Amino acid sequence: MTSSTEGVPPKDQDVTMTEPSGVSSPKELRNALYARCASFEEGHVFNQDELFAFEIIPDNSVEKLLAYTKQLAKDGLFKLMTKDGKACWKVVKRADAIKYRSLSQEEALVYSYIEGAAREGIWSKLLRNKTNLHMTTMNRAIKSLENKNMIKAVKIVKYPNRKTYMLAKLQPSENVTGGPFYTDGVLDEEFVHQMSLWTEKYIIGRSWWHPPLPEHKKKSSSKMTQEQAEELRAGELRQRGHGRDRSKTMLPMHPGYRGFPNLSEVTKAINGSGLSGVTMKESEMGQLLDILCWDGRLEKIRHGKAYRAIKQVDGEDGVELGNALTESPCGRCPVFDFCEEGGPVNARSCEYFQEWLQF
Amino acid sequence: MSRHAYELCTLLVDDTYGELTSRIFEVLLCYGRLSLPALQHHTHLSYRLVKHGLSVLVQQHLVLWYTSSDDHLTLYEANTTVAYSLVRSGKYIKIAEAQAGEFAGKVISDLLLLGHARVGDLVQAYGVGQSRSTHDRLAATRGPPSNPLSGLSEGRNEEQSVTLESIYGTLCDLLRTESVSRVHLSHFRSDADNRSEAEKLVPKPEEYKAKSKREQDAQHEAAVKRKLKEWKYCADGEEGEVEDLRKGKKRLHQDSEPRRPDQKRQRLYSPLIQEVVGIPGEVYLPMLGETDYLDSNLILRVNHAKFVVLMRNDHLVDLADRIISTSTARVYAQVLRALEPKVQECREEPEDLNKIDAEADLGSLPQVSTDELVGAIKDSSELFNALGKSDDGRLDMAQFDHPKKRRKKQVISDNGSVVDGEASLDEEEDASDSNDEDNISDVSSDLDEVNGEAEFDPNAMPSFSHNPHRDAIRNHLLVLAMHPLSFLQHLPKTSILPERWTIDFPTLMKNVIHHTLLEIITSRHGLPAARLTRILFDKGKTDEKVLCSTSLLAQKTMRSYLLPLHKAGMIGLQEVPRDNSRNPQRTNFLWFFDPERCKAKMLEETYKTMARCLGRARVEGEKVKGTVEKASRSDVIGKEEKFLGVQELEALNVWREMDERIWGEVSRLDDLVACLRDF
């Protein structure tokens, strides 16, 4: 990073890096100090002793160090900080320093806070409180920063109405985006649906035994063409890979069966399936599996460690899992609450009953 | 019980026993306990009619009465439980037929119509060979209420040749299975009256030898409870009022084949006697008399509580069939059948109040051993192929071993093939709560291997001898025990006792009711609504934002499901203000799901639906009133084609179909009521 001096405007030539030499001007010493510090890892905080330890400052004089760091800070190359009441410094990248230098005072202030918020982003109200700037001033600063393509507005899933900003080059964190289930801060219901469908099928295939259909047996016993055989095999492979659909004929597994998938297995499977470009984490997959449990499609067994599909689910295979109440005309009657003997709605004149009895 | 339930009960009484009785019943429901003059005043009926109606109602146990010993005033009270049970008559008969033969169904049907009856009268009635119809609903609605026994006969005269022995045999069978029970005076009184009566009979709290007042009260309470239980189950130990009944029971004949051990009877009768009367030696066994006949003065009635137990068994088997598999359900039916004699009613009160808080002690529940079940299931051929295995056929039966045993075994046979990280995790947890543990033969973890080599294994203990029949049954039992609804609990084999199975009914029924409620919510409001409800149940009171992110639903979608649920009373909303201003802006809104409330709401709706169905059935009946009346004339019955015109026949058939349909629906609604209320 120290080498990136390309595109630096001519006025910044005075801070180009040079090697420390025996006879050194304050400017050279400054550059040497900067170069030395920049060679450390990014974000390292230097205190006074560390800087003296470089043995760049002549005679280790405090005044000189102060003067140099002050100048460097003024150039935007050092950032003055305090730790336990003592001054310390952080190196700023040369390119960033240039950016800062091109900004007005307010813009720089705003930019520094936004930068500080990093991937979490900062809410405009909070930003105003922190910077203590007037609304219009701040808005102007934000606008100009946005125009320079230095910051961007992001949408936080938790608070979609809040104006939030972060540096343009950063990817919003998962707290902000809400994880893989959200696209541009909006819940991607279709994605959730597809993922849950796949997961469910995968688990059905592994938690119930699907007895081979009789006609399959017949086919395999009689002679069949190569094409047919390949087709059958492909079908079986497909089913093995992607799980199964529910069916009424499926039978429970032996109690000693160990194949009920657990969270990590499902996660591995879905990431290996190539269904989505997003790699799912276990926590996210857990969320999805929880949803399926709450939907009454899966159940947790073995003290919640493994998952098993539920055999019958409402609305699948044309099975409606209603009971007497929901199937009777009263169970779905929109005016059931008003239904009263002698009232405007009653059993005698009920249209729904008429319809139900005719059926 | 609510207004709708009362409406339903009145309709049922009206349907079965006619207008006079239903009018009295309705007034009693409406005003509560009434004396005869007050009843007369409210019904606007003559003294004679009220007396007549009341006698019918009392005979049917539909009205309870109590004469206070202080002022000798008799008060009458409607008995809604029995009134509601009228809707179950058909089910009772079916169950009895399935259990003890067709004739038993007939006996139950007659007992249902008569309320209670003397054995002598029953025998006489059957002995003369008079044909009785089964008590189907249509007969009851059409039969004149004053003479219910002469309901229409459908030409079924084949039972004329019933012998006395078979009548007594059937009655004894029914008594033994507790489908019918003896009538006790307390059965005509309400619970509160029974209690005050019992309090009068047992010694006062001061008379107990206990240190503190509290202990005295506790002893008194226990004595009252014992007395009430004694009355309820007609356990003897009381002199005087049941003396004659007791004599009758003493002469009960003994069934030639003692299918059930006497254990049960001793459990039922002896402890009470010993405690109450204090004569330890006198164990009263009513079935062990010398003569072959029941006392003809013995008065019998249908035991509703037992029938509810039988209905619950059917319901559970059905459920297992639906959510596991048919073969497994068959095994489960056997378990339930084996446990049934030990279960007297669905909601048994815990014997000891202190035990309520403690974790249900599985050991104290009725149990059945694997061997008993294996003996009861004759044909297991279809059970073999009803369970799936993994592709490589490898099974881990080690997880069902007793924790100690398993650890030992893993040291010996751990070849790394089966045991993995999860297994050790399992083990840690299982070791802490070995209650759910059951154990299995420790011969091998591979079933295939077991089947092949077990016979040659010199170390195999005799009780572990591998018989495929036993294994198949055991596997199905394990499947049931593994299910999250906790259909079955297993008790590990100990050094003294063999492997046993039991059912923790309170837990199971709580799960089943929850399952039913969510099924209704799903079919009414859709899957996302069920998802939201389940989240609320799991997480408790939840803020809308949290609910939104947990349920992975867009806020708009979520609201569109929450609102109807809230409107239907399935979920509730609580407002928690953050400060004193109660400003909606500064208030937290928390959604919650209260299963009890939801259940009550559903029950209400079901009662109302049933009442509406019956109302509609009546409307439909009125449309063809003339024809129906004509068709039920004694000279027309059996010769409908001859006396009725084509149009009349057509109308009659249409009406019959409709009526059947409505009654079918009512019966299914009753299943729901039974599930939510009685089980």
Taking the full set of protein chains and a 1.4 angstrom probe, give the accessible area of residue A:84 in square angstrom, rounded to the nearest 10.
150 Å²
Of B:482, A:253, ordered by accessible area with the largest first and a 1.4 Å probe, the sequence is B:482, A:253
So if I take the centroid of the Cα atoms in segment B:642-679 and the same for segment A:113-140, what is the distance between those two points in Å?
73 Å
If you wrap segment B:599-678's Cα atoms in a convex hull and average its projection over all directions, what's the area in nm²?
6.0 nm²
State the Cα centre-to-centre distance between segment B:61-119 and segment A:170-201 in whole Å.
61 Å
Mean accessible surface per residue for segment B:3-78, computed with a 1.4 Å probe while every protein chain stays in place, in Å²
47 Å²
Accessible surface buried once B binds A (1.4 Å probe; total of both sides; Å²)
6200 Å²
Relative to the Cα centre, what is the charge dipole magnitude of segment A:252-359, using +1 at the beta carbon of each Lys and Arg, -1 at the beta carbon of each Asp and Glu, and rounding to the nearest 20 debye?
880 debye
How large is the charge dipole for segment B:3-78, taken about the Cα centre, if only the Cβ atoms of Lys, Arg (+1) and Asp, Glu (-1) carry charge, to the nearest 20 debye?
140 debye
Once R0 is set to 60 Å, what does the formula 1/(1 + (r/R0)^6) return for the Cβ-Cβ distance between residue A:197 and residue A:64, expressed as a FRET efficiency to the nearest 0.05?
0.30
Could you list which residues have their amide H under 5 Å from that of residue A:154, counting only those 5 or more apart in sequence or on another chain, with H placed in the peptide plane?
A:164, A:165, A:166
Segment A:255-359 - convex hull of the alpha-carbon atoms, volume per residue in Å³
196 Å³
How many nm separate the modelled label positions at residue A:312 and residue B:297, each set 7 Å beyond the Cα in the direction of the Cβ?
5.3 nm
Using amide H atoms built 1.01 Å from N in the peptide plane, name the residues 5+ places from residue A:301, or on other chains, whose amide H lies under 5 Å from its own.
A:306, A:307, A:308
Pseudo-spin-label distance residue B:576 to residue B:74, built 7 Å along Cα→Cβ, given in nm, is 5.8 nm
Where does each of A:41, B:499 land when they are ordered by accessible area, with a 1.4 Å probe and the largest first?
A:41, B:499
With only Lys, Arg, Asp and Glu charged, each at its Cβ (+1 for the first two, -1 for the last two), find how big the charge dipole of segment B:543-648 is about the Cα centre; round to the nearest 20 debye.
260 debye
Taking the alpha-carbon centre of each part, the distance from segment B:528-563 to segment A:22-89 in Å is 56 Å
At 1.4 Å probe size, put B:184, A:303 in order of accessible surface, largest to smallest.
A:303, B:184
At 1.4 Å probe size, with no ligands or nucleic acids counted, give the accessible surface of residue B:225 in Å², nearest ten.
80 Å²
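The values are calculated or read from the model by the stated rules, or taken from the named source; none is laboratory data. What you see is a predicted model, and the numbers here were worked out from it, not measured in a lab. For neighbour counting, all protein chains shown are included, and Cβ atoms are generated from backbone atoms with ideal geometry for every residue, glycine included. Note: areas computed on protein heavy atoms with side chains; ligands, DNA, RNA excluded. Shrake-Rupley method; radii C 1.70, N 1.55, O 1.52, S 1.80 Å.
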